[in-house]
Amino acid sequence: MEQLQLTAGSAGETEAYGRALGSLLNPGCFLALRGELGGGKTCFTRGVVAVVAPESAHLVASPTYAIMNCYEGKVPVYHFDFYRLTGDDDVIELGFEEYFYGSGVSVVEWSERLHELLPEDRLTISFKYTGDDQRLITITGSGAGSTVIMVRLGEKVASIKKTLT
Ligand SMILES: Nc1ncnc2c1ncn2[C@@H]1O[C@H](COP(=O)(O)OP(=O)(O)OP(=O)(O)O)[C@@H](O)[C@H]1O
Ligand SMILES: [Mg+2]
């Protein structure tokens, strides 16, 4: 399986996919979120944080102005939004390596702005608007660890769907 495609019919479903993925992540995982405004990236992140750093889940909002929000938990989550990024300098100034290659989980909105600073071992998660409340979420693993997580998420989602039908 090279990629996993999920369809979400509501914001709640997108958040539930985020929770399902959150439960499979390891410290150091990197999530590269991409796709249009209002695609559901922050909504998905809220699900991830609800599992990885539950005491901070209520704080999740687009860090558009701050560039990064840190959610404290057993494993910290570093939540970036690079919508306004114009070059790599801001990211380098931020000391990105400490976060991207540290022992927390990094979640990056607008990761398409990163180019060569994007870590090789990552899960890429693309959000496509397919209707008012409909989103197509495509997940691709690059690197051995990320690919295993993607496959396990596919199994997990399939079993969640089975219990619903
Ligand atoms: N299936 C769905 N999945 C996610 N969000 C949905 C869905 N259906 C409707 N929505 C709505 O779409 C919006 C998604 O907003 P969100 O902030 O998560 O997007 P985003 O990708 O982070 O946008 P931005 O690029 O501006 O940061 C919310 O208002 C949410 O309620
Ligand atoms: Mg957002």
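For the stretch 68-84, a residue qualifies if it is part of a loop (DSSP other than H, G, I, E, B), surrounded by 16 or more Cβ atoms within 10 Å (Cβ to Cβ) and either in contact (Cβ under 8 Å) with a residue 60 or more places away in the chain or more than 14 Å from ligand 2 (Cβ to nearest atom) (or both), and the qualifying residues are GLY73, VAL75, PRO76. In the stretch 44-67, what residues are modelled with pLDDT of 95 or more and in a loop (DSSP other than H, G, I, E, B)? Once the filter is applied, which keeps residues that are modelled with pLDDT of 95 or more and in a loop (DSSP other than H, G, I, E, B), the stretch 44-67 yields only ALA53.
Look at the stretch 13-25: where a residue is within 16 Å of ligand 2 (Cβ to nearest atom) and a partner is assigned to a helix (DSSP H, G or I) and of a type in the set (D, E, K, R), sitting 6+ places away or on another chain with Cβ atoms under 7 Å, you get GLU15/ARG46; GLY18/ARG46. Listed by first and then second residue, the pairs with beta-carbon distance under 6 Å, at least 6 apart or on different chains, first residue in the stretch 39-53 and farther than 13 Å from ALA20 by Cβ, second within 7 Å of ligand 1 (Cβ to nearest atom) and among the hydrophobic types (A, V, I, L, M, F, W, C), are GLY39/PHE127; GLY40/PHE127; LYS41/PHE127; CYS43/ALA11. Of the residues making up the stretch 26-49, those that are more than 16 Å from ligand 2 (Cβ to nearest atom) and of a type in the set (A, V, I, L, M) number 0.
Scan the stretch 28-42 residue by residue and report those that are in contact with a Lys or Arg (Cβ under 9 Å, 6 or more places away or on another chain) and surrounded by fewer than 22 Cβ atoms within 10 Å (Cβ to Cβ). Before the answer, list the steps.
Taking the stretch 28-42 as the starting set, the residues that turn out to be in contact with a Lys or Arg (Cβ under 9 Å, 6 or more places away or on another chain) are 29-36, 39-41.
The answer is ARG34, GLY35, GLU36, GLY39.
Out of all the residues in the stretch 107-114, is one or more away from ligand 1 (no atom under 16 Å from the Cβ), of a type outside the set (D, E, K, R) and assigned to a strand (DSSP E or B)? Scanning the stretch 107-114, I find no residue that is away from ligand 1 (no atom under 16 Å from the Cβ), of a type outside the set (D, E, K, R) and assigned to a strand (DSSP E or B), so the answer is no.
Under the condition of being within 6 Å of ligand 1 (Cβ to nearest atom) and in a helix (DSSP H, G or I), which residue from the stretch 14-43 is farthest from the chain's Cα centre (by Cα)? Walk me through how you get there before you give the answer.
As a first pass, look at the stretch 14-43 and keep what is within 6 Å of ligand 1 (Cβ to nearest atom): 14, 37-43.
Retained after the next criterion (residues that are in a helix (DSSP H, G or I)): 14, 41-43.
Numbers: THR14: 11, LYS41: 7, THR42: 8, CYS43: 10 Å.
Residue satisfying both the conditions and the ranking: THR14.
Listed conditions (1) within 13 Å of ligand 1 (Cβ to nearest atom); (2) charged (D, E, K, R); (3) under 19 Å from ILE137 (Cβ atoms) are all met by ARG84, apart from (3).
Residue by residue, here is whether (1) in a helix (DSSP H, G or I); (2) surrounded by 17 or more Cβ atoms within 10 Å (Cβ to Cβ) holds:
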{"residue": "THR124", "(1), (2)": "no, yes"}
{"residue": "THR147", "(1), (2)": "yes, no"}
{"residue": "MET150", "(1), (2)": "yes, yes"}
{"residue": "LEU153", "(1), (2)": "yes, yes"}
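The values are calculated or read from the model by the stated rules, or taken from the named source; none is laboratory data. Computed from a predicted model, the values in this text were never measured in an experiment. As a convention, Cβ positions derive from the backbone with ideal geometry for all residues, glycine included, and neighbour counts pool all protein chains shown.
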